[in-house]
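Note sheet for the following structure.
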Amino acid sequence: MLTYEPDETVAHRLDPRSKLAVQMGFAVAALARISPRALLALSAVAAVALLAARVSLARALYAYRFALVVLAIAPVVSAVTLGSPWIDPAAAVTPALASYRVLLILLVSAAYVRSTPVRDSRAAIQRTVPGKAGQLLGTGVALVFRFLPVLLADVRTIREAVAARLGDERGPVERASRLGVLGLSRAFARADRLSLALQARCFSWNPTLPALAFSRLDAPVLALAAGLAVSPLL
Amino acid sequence: MATERNSVELVDADTVGLFARAALLAALMGAASYVSIPLPFSPVPVTLQVLVVYLAGLYLGPLWGGASIGLFLAAGAVGAPVFAEGKAGVGVLVGYTGGYLLGYLLGAVLVGLLVHRSLDRLRDPAETSLPVLVGSLVAALVLIYALGVVWFAHVQQVELAAAIGVAIVPFIPGDILKIVTTIAIAKRGVIDPV
């Protein structure tokens, strides 16, 4: 699994806002056009992104191995025709190029994921989305990061306990509803304790945020993001 | 650093309670994506995520249920491995499953609106009549399917019929199962509504 790793790469030193901007610009550019020439240019940008965050291509592809299967299926499905000649390779070209551009978008995301700590993402959200909505969104995202491993452990415990009592030999509806009831009631019990703890610590609408600053390094990256975003108009 | 100099403006207790539940439900949604059965001939894996979408609408209502799924999407976009198969990043939001992800958000809002018929006053899902429950869950599923398949066909540049064959048909049995499961959970009435 690809997650944040501390490092000293160029991508690690960038402001998270410019990295988010590049991802969005890249997605706009990739989804707008499907010509081989545009895809070649985007491949170069994706390669630079991976290099800047020091993510090896093999590792990124391994992380997205299930997605690769899916991306391979779309062209195959389109090439198969009902009736002679059964296989029409020409029909597979456009879906194949479409699959390739989705892969490029995923690779650029991999570079962001490895190079950005949660704290920075949260600060970027709170500084970009104004007001109370931004506060709740930033805090909520940080809480999801914190509680994901806790709830994964809860779900594992529940499944093991059910299996130990031969509950895994019951029908699928009973298994799923038991997991749902126990998982949700545990999550809500944790939420009620969390809400008490937040109030005890004066959870407020206006806390001081961690510092974020654009550096000189961010200027070309932001220019690239803007360029990618307007590229469909050229 | 921009230090806040105004006096502290506390978040009121009701909002903190609902917000904490929404955040934990978003994390549960992430955990549910690891409870999955990959199907060899279909691009979208079968996970329990849709079940959590229904529960979000039922137990948190349209506003906070939608907020909960929104938190899940935002956390995934900035790098939490919460999407199916532990994927993360903005790329997944615009990738071939992007339509389903948007459908989850709108689906939770729709279930909340149809069951509670109010933005903030929530009723106990155990006391909701069976036809209303079934109708709202099926409506949300149709919405998720519609957004999912149209986006899938657009991103992958395949015909709508082919997209329906790959991205909807294999999931219908699993999704009917999840509707039955949700109703079983709601009718059991063991989870405290807010």
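The values are calculated or read from the model by the stated rules, or taken from the named source; none is laboratory data. Computed from a prediction, not measured in an experiment: that's the story for all the values here. Note: ideal-geometry Cβ built from the backbone for every residue, glycine included; neighbour counts use all protein chains shown. For the accessible areas, the whole protein counts, side chains as well, though only heavy atoms, and no ligand, DNA or RNA atoms are used. Shrake-Rupley method; radii C 1.70, N 1.55, O 1.52, S 1.80 Å.
Working from label points 7 Å from Cα in the Cα-to-Cβ sense, the residue B:120 to residue A:87 distance is 6.3 nm. Taking 0.36 nm per intervening residue step and subtracting the Cα-Cα distance, what contour gain separates residue A:196 from residue A:56 on full extension? 46.0 nm is the gain from fully extending residue A:196 to residue A:56. Sites counted here are trypsin sites (Lys or Arg not before Pro) in a DSSP loop (not H, G, I, E or B) having no more than 14 other Cβ atoms within 10 Å; the longest part of chain A that contains none of them is A:1-164. Amide H contacts under 5 Å for residue A:204: B:11, restricted to partners 5 or more places along the chain or on a different chain, H placed in the peptide plane at 1.01 Å from N.
Alpha-carbon geometry of the range A:130-200: the Rg and the Dmax are 15.8, 51 Å, given in that order. Roll a 1.4 Å probe over the protein heavy atoms and report the accessible area of residue A:188 in Å², nearest 10. Per-residue accessible area (residue A:188): approximately 10 Å². Working note: 222 nm ellipticity from helices only, DSSP H runs with n ≥ 4, each -39,500 (n - 2.57), summed and divided by the residues of the protein assembly as shown, gives -23500 deg cm²/dmol to the nearest 500. The residues of the range A:90-213 have, on average, 45 Å² of accessible surface per residue, using a 1.4 Å probe with all protein chains present.
Taking a span of 20 Å or more along the helix axis (Cα atoms) and a mean Kyte-Doolittle hydropathy of at least -1.0 as the rule, the DSSP H helices of chain B that qualify are B:13-32, B:49-77, B:98-116, B:130-156, B:172-188.
Could you give the size of the charge dipole of the protein assembly as shown about its Cα centre, using +1 on the Cβ of each K and R and -1 on the Cβ of each D and E, expressed in debye and rounded to the nearest 20? Mind showing how you got there, number by number?
Values: 35 positive and 24 negative charges, 91 e Å.
With Lys and Arg at +1 and Asp and Glu at -1, about 440 debye.
Our coupling estimate for the range A:26-34, obtained by passing each phi through the Karplus curve with A = 6.51, B = -1.76, C = 1.60 and θ = phi - 60°, is 4, 4, 4, 4, 6, 7, 7, 10, 9 Hz, Gly and Pro reported as x. Pairwise inverse Cα distances across chain A, averaged and inverted, put the Kirkwood hydrodynamic radius at 21.3 Å.
Averaged over every viewing direction, what's the projected area of the C-alpha convex hull for the protein assembly as shown? Give it in nm², one decimal, please. Value for the protein assembly as shown: 22.6 nm². The string of couplings for the range A:59-65 from the Karplus curve (6.51, -1.76, 1.60, θ = phi - 60°) is 5, 5, 5, 5, 4, 9, 4 Hz, one whole number per residue in order, with x for Gly and Pro.
Extents of the range A:7-107, taken as max minus min of Cα coordinates on every principal axis and listed largest first, are 57, 26, 18 Å.
If the viscosity is 0.890 mPa s and the temperature 25 °C, what Stokes-Einstein diffusion coefficient in µm²/s follows for chain B when Rh is the Kirkwood radius over Cα pairs?
Details: Rh = 17.3 Å.
D, rounded to a whole number, is 141 µm²/s.
Report, in whole Å, the centroid distance computed from the Cα atoms of the range A:34-110 and the range A:1-31. If you average the Cα positions of each part, the centres end up 20 Å apart.
For chain B, a simple Cβ point-charge model (Lys and Arg +1, Asp and Glu -1, everything else neutral) yields a dipole of about 260 debye relative to the Cα centre. Lysine pair count for the protein assembly as shown with Cα-Cα distance under 29 Å and sequence separation of 8 or more or different chains is 5. What the phi angles of the range A:137-142 give under the Karplus curve with 6.51, -1.76 and 1.60, with θ = phi - 60°, is a coupling list of 5, x, 5, x, 4, 4 Hz, glycine and proline written as x. Under the simplified labelling scheme, the residue B:5-residue A:133 pair shows an inter-label distance of 2.9 nm, with each label point 7 Å from Cα along Cα→Cβ. Cα centroids of the range B:17-37 and the range A:130-181: 6 Å apart.
The range B:108-159: which trypsin sites (Lys or Arg not before Pro) are DSSP loop and have at most 10 other beta-carbon atoms within 10 angstrom? Those that pass, being in a loop and sparsely packed, are B:121.
With a 1.4 Å probe and every protein chain kept in, tell me what percent of the accessible surface of the range A:1-102 is carbon plus sulfur. Numbers along the way, then the final one.
On the way: 3810 of 5320 Å².
C and S atoms contribute 72 percent here.
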